[in-house]
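Reviewing the structure listed below.
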Amino acid sequence: MATGRQTGVLPDRATSLAILAALVCAAPVFAVTWIALTGETGDYLLHLARTRLPVYLIHSAYVAAVAAGGAALIGTGLGWLVARTDFPGRAVMSWVLILPLAVPAYVAAYAWFDLSQAGGPLQAATAGLFPTIRGSWGAGLMFALVLYPYVYLLARDAFTGQSADAYHAARTLGAGPFEAFRRTALPMARPALAAGLALVVMESLADYGTVSHLGAPTLSIGLIRAWSGAGSLVDAARLSLILVAIALIVFSLERAQRRRARTHAASGRHKPAPRFRLAGLQALLAALACLTPLMLGLVIPLGRLAWLALNELPATGLAAAAWHSLTLAAISALCAAVLGLGTAYALRSRGILAIASARAAGLGYAVPGAVAAVGVIAILSGLQSLIDPVWRALTGQVFPILLTGGAAALIFAYLSRFAAAAIGPSEAALSRVTPALDGAARTLGATRGETVRRVHWPLIAGGVTSAGLLVFVEVLKELPATMILRPFNYDTLAIIAHNYASDERLGEAALPSLLIPLVALLPMIFVARYLSRTRSSTGTG
Amino acid sequence: MTEQRTVLSVRQAERRYVKGQAALAGADLDLHAGRIAALLGPSGSGKSTLLRAIAGLERLDGGEIRLGGALWSGPKTHLAPEARRVGMVFQDYALFPHLTALANVAFGLKGAGARDRAMAQLEAAELGHKAGAYPHELSGGEQQRVALARALAPEPAIILLDEPFSGLDRRLRHELRERTVDTLRRAGATALIVTHDADEAMAVADELALMEGGSVIQTGTPEEVWMRPVSAVAARLLGDVETVEAKAQAGRADTPFGAVDAPGLDDGTPVHVLVRPQAIGLTLDESGAFTVTRRRSAGTHLVFDISDSTQRHWHAHTPSPSPIGEGDSVSVTLDPAYVTVVEA
């Protein structure tokens, strides 16, 4: 209807927030692109192109493929089990299966490498048969274990929303249960699976901690080396551009899937299919299938780290690092929630500017943390060179160096990467607030402000809080951007963990490594329960 | 008819959408105290837009809407929806999903007795036992009744209903229609119901307004409007009608069934003779000019298709039973009560 504009609340302020979100998200990418295209061609990149670049590309592809394959297998299977079957514990599993997202992949990698290395407990127990988790396949495996929830979540909701009709039609046309699943349910869920897999691929391309610990030379490794080793902003920007290009390709493949899929989703999702009731051995197998990835991705790694931490004195500076991690994550979460909500409101007005802004902000998710950091540095150094001469002319002194722009620069980089993640949940929550609800509230005597307070907020609070908490968890886990941008001597839990782990001092790395998922677990439980509850309460509407 | 007190008046209401097409093009409408009006029109005729403009959910680009002496919408005035005393029942009911049935009904009420008044309203809708239920736990019919109770609770000056029965199955639709009219009558409400269903409009309305192309083309009691449509378009909105193009001649107009009265029209004026299928009476007649091509039963009456030598087809409704069958030759008489002559 053409009525959104009239009944929507705060469209103008919202649109300006959407534009701000777009600027925050897109500016670093543009800065990176600008630097990469206009900077001088140094020897380093040419040398790199001849030697290391093909290796980086091959290993990036390898890691991403293992991660995507593993996550697809685990996520699709569990999504189907939870959506289409019933077994004891299913309701709890439905949200518990999301929790491994609280574990950073590098934390899982520290634990699994320690468990499986030569002389470690697993090799000892299996007489050396258990392979050491390392290299590109090992890194891919770690990503699959902690990132499968992206696929699981979208697959679960896709399978739950599917009408029984297509499946039953296939059965009456002579397909057995598995064939009917393969030919109807699976293709109908394909866009959701593609969206989940795209997230898995992007996260594994963006990672630094895991691949550096397990020895998988991906593009991120090359990028950090170019910056911290060679110290070249231009070279780092050029490598960034390659990474962004790959991410954009993944992103657009996923988009293409979704566009084609709209026809699938539109046809009757009225009657959800009944769940197959599993009993006896089947139920036991289903429960085992759910418990296995939970054990591998969550319980075993955290258990190993807890054991290591108990046998070691806490590292120094841990309290300060924890405080930094918490405040950075909290402030970023708050800012991202505001930007996300503003963008969602702006989208509601269906203005062209709002839609364009939301699209631009959405690109942020395709920007790996290291790239966002390089972009922020490019922007800051650009600003520096603009301000410096003016400042010197006015005060006769050197302008304080912006590069160590401190926590603000870090938050800028975090937001440019994660603000996009906050738009989706807010938009989904706000989509429950139809224009007719606004109309009903207004004709019943509520003012605009009252309508927001009494109707909008109760309906969107869960979604907006979830959006903020998701960003909180992501920032807590973030490593490469923090490495590049952090002020001197400014540590976070992730930094301390990484520094000790790369010195092979895993005992000291254990506690900070453990603290990240432990802090992230509580917000993650809220998010997981919210994401598992909304569907059942709105499903009948 | 008793003296009618006009509660709400809409004058020359205009509303243009971005692409330039008009949703409202000079619509006029009066609502009278304690009476139920139905606004009937095909989709896209602007009836929902008019309803939303009265509620204050749409601004007018021209014209005005007044409640008694108070200007609600005008050239420079737009009273906010919450400041108008309107109750509205939305097409999808728009119940607040996070509130119980009782809290939904209480939403528009203020002060100490709000809860009790909401409960009384809910009990009047025979839904007292569902007070604690959330919207998704209610059936479609119950949701509609909660929506109506919610709209009535603040005792609005007028109550607006946008296609309130469209989401329901046929049997429930009939039952809820009766119940809704009953509820509105007991509340003494001044109501406007938007619908695209002619039978529904005639069943609920004291007054009928026909809408087409963004303006109200005819108003009156359902009987007046049905018996004396002002144009072929108006006639067609309320049901099957045959249109014969003719010219007035000496106060008469010719049809294939013989001439009919066309009083007060100058000679040569092009006219439309509007013939309801009920006007056509059939008699078995070997030398009749018409042949029955199809005969079927509509339960309460029979529907015949007849054609003349020019192969033009006509519908005729006659009381059941009838000896006439397919292939029979018949002669035709016209009942002037069901025939209207309008200027083309």
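Being basic (Lys, Arg), surrounded by 15 or more Cβ atoms within 10 Å (Cβ to Cβ), closer than 30 Å to residue A:429 by Cβ and modelled with pLDDT under 95 is a condition met by no residue of the stretch B:14-28. Taking the conditions (1) assigned to a helix (DSSP H, G or I); (2) surrounded by fewer than 22 Cβ atoms within 10 Å (Cβ to Cβ) in turn, residue A:350 satisfies each one other than (1). If you check A:226, A:245 for being farther than 26 Å from residue A:117 by Cβ and surrounded by fewer than 23 Cβ atoms within 10 Å (Cβ to Cβ), only one passes: A:245. Pairs meeting the criteria (first residue in the stretch A:233-248 and not assigned by TED's automatic domain parsing to the domain that holds residue A:61 and modelled with pLDDT of 85 or more, second residue among the aromatic types (Phe, Trp, Tyr) and not in a helix (DSSP H, G or I), beta carbons under 6 Å, at least 6 apart or on different chains) are lacking. If you scan the stretch A:1-35, which residues turn out to be more than 20 Å from residue A:341 (Cα to Cα) and at pLDDT below 85? A:1, A:2, A:3 - these are the residues of the stretch A:1-35 that are more than 20 Å from residue A:341 (Cα to Cα) and at pLDDT below 85.
The residues of the stretch A:68-91 that are crowded, with 18+ Cβ neighbours inside 10 Å and among the β-branched types (Val, Ile, Thr), listed by number, are A:74, A:76, A:82.
Scanning the stretch B:125-164 for residues that are among the charged types (D, E, K, R), buried (at least 17 other Cβ atoms within 10 Å of the Cβ) and within 18 Å of residue B:56 (Cβ to Cβ) returns B:150, B:162.
Test of understanding: among A:89, A:119, A:79, which residue is touching a Phe, Trp or Tyr at 6+ places or on another chain (Cβ under 8 Å) and either modelled with pLDDT under 95 or among the small types (Gly, Ala, Ser) (or both)? Even if it seems obvious, please write down each step before you answer.
Working: A:89 fails: touching a Phe, Trp or Tyr at 6+ places or on another chain (Cβ under 8 Å); A:119 fails: touching a Phe, Trp or Tyr at 6+ places or on another chain (Cβ under 8 Å).
Sole residue among the options that is touching a Phe, Trp or Tyr at 6+ places or on another chain (Cβ under 8 Å) and either modelled with pLDDT under 95 or among the small types (Gly, Ala, Ser) (or both): A:79.
Do any helices (runs of 4 or more DSSP H) lying entirely in the stretch A:444-538 carry at least 1 residues that are of a type in the set (A, V, I, L, M), crowded, with 20+ Cβ neighbours inside 10 Å and within 13 Å of chain B (Cβ to nearest Cβ), and which ones are they? Hits in the stretch A:444-538: A:457-477.
The stretch B:281-344 holds strands (runs of 3 or more DSSP E) entirely within its bounds, and those carrying 3 or more residues that are within 28 Å of the chain's Cα centre (by Cα) and at negative phi map to B:301-307, B:313-319, B:339-343.
The values are calculated or read from the model by the stated rules, or taken from the named source; none is laboratory data. Fair warning: this is a prediction, and the values are worked out from it, not measured in the lab. Every residue, glycine as well, gets a Cβ built from its backbone with ideal geometry; the counts of neighbours run over all protein chains shown.
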